């Protein structure tokens, strides 16, 4: 209410002041300028209503005090036109002054709101920068390497762990391409890695990095993709953990395991010496017999070249037989680092059973093969898989040898389960597994044999697990034991490598 009185009172006062001054200076100035000024002031500070009031008061004042006849509101033709023009101009002046005032008020309000938003945004950015600074300080506390790079692989953050790990200071690293400064060695093409990063938002793997002093380190690397509000990738956070010593320890352990596995294979072959000798002696004896027969066919009064030729062909065939036995023994006993190739499990089973055939006959054990057809290959080391199957077969034969009654059958079966994994099961009819020792069967140095080392099953389980599978034992029905292992199929079938 007071504000309204003030606005309209301003119109009255300004017009009154204009009237007084115009009367005082009537001889020296025109009548209308001060009244226009009063209208502008009223409309500017009071608004449209007070401006129109000032127009009305100014028109009446001019008509009463300055237009003939004076001191009356009667108008002549000339006076009417003057006051009409003045009134129209006064209304236009009042409207323009009011609109300009409103525009300036709106502009001032918009400016104030903008200033307020700028202040709020500045405060938010200051808080965000402070939070980022605190996080950066926290990242400097970790011993792991942490750095941020944009989508062009240019480094934008480099923590203290990165300085210590690679030897480049933060000032030296910022602005440089990350894969260039540490000379990254990738396990796959960088385009494939970036495609996975874009698709899933993260990537993990092992990388090779080169320090400033030229030393090469192996790191377990984790990448996380940052996106903006529109979902566009803007930066990559990379954390690296040095696993160089761990990799060296794993390689040393693998070397020791390979040495131990080789020693176990040699010991197994020692147990199979009689069987191997028998397998080799058979073709050698046949070669001698056929050689003597060939001499007789050629030494007669009329040489029989047909029979002599057949004898020579049998000699060649038996020579190949002996060579195959020797080759199988060489493959099993050779000392070489593991090599993963697609392997036909059925072929490996047949090779192992050929080596153990004589021992099975000596112990009156019937060996049955139940091999599934068209099995996919497995990816693995052929010699190591031979060792596992041979160990299980020998254990089964020895278990059956202890049995005094019942059938004496060793069944070796291969196939695929519901998960499409390949399996090999060695089933015997021996005395079976003692429930008290079931959980310790695969422990190192645990054995039920008087002269055993207790390493065969432990090494076999290690080999199978290193191939991504598992090995376990269970009781057979009605008696005996079953040792079975499971392996994933190879990604694709490929030619076999010796």
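By the count of neighbouring beta-carbon atoms within 10 Å, fewest first, 385, 284 end up ordered 284, 385.
For a modelled paramagnetic label at residue 370, 7 Å from Cα along Cα-to-Cβ, the residues of the stretch 391-407 in reach, with backbone nitrogen under 17 Å, are 393, 396-397, 407.
Sort 186, 423, 483 so that the residue with the fewest other Cβ atoms within 10 Å of its own Cβ comes first and the one with the most comes last. Before the final figure, lay out the partial values.
Values: 186 15, 423 18, 483 27.
The order, fewest Cβ neighbours first, is 186, 423, 483.
Going by how many other Cβ atoms sit within 10 Å of their own, how do 116, 1, 151 line up, fewest first? Walk me through the numbers on the way to the answer.
Values: 116 10, 1 5, 151 14.
With the fewest neighbours first, 116, 1, 151 line up as 1, 116, 151.
Expressed as a whole number of Å, what is the distance separating the alpha-carbon centroids of the stretch 363-416 and the stretch 159-208? So the two Cα centres are separated by 49 Å. Taking packing as the residue-averaged number of other Cβ atoms within 10 angstrom, the listed peptides 462-468, 412-418 run from highest to lowest as 462-468, 412-418.
No lab work stands behind these numbers, since they all come straight from the coordinates. None of these values were measured; they are calculated from a predicted model. All Cβ positions, even for glycine, are placed from backbone atoms using ideal geometry, and neighbour counts span all protein chains on display.
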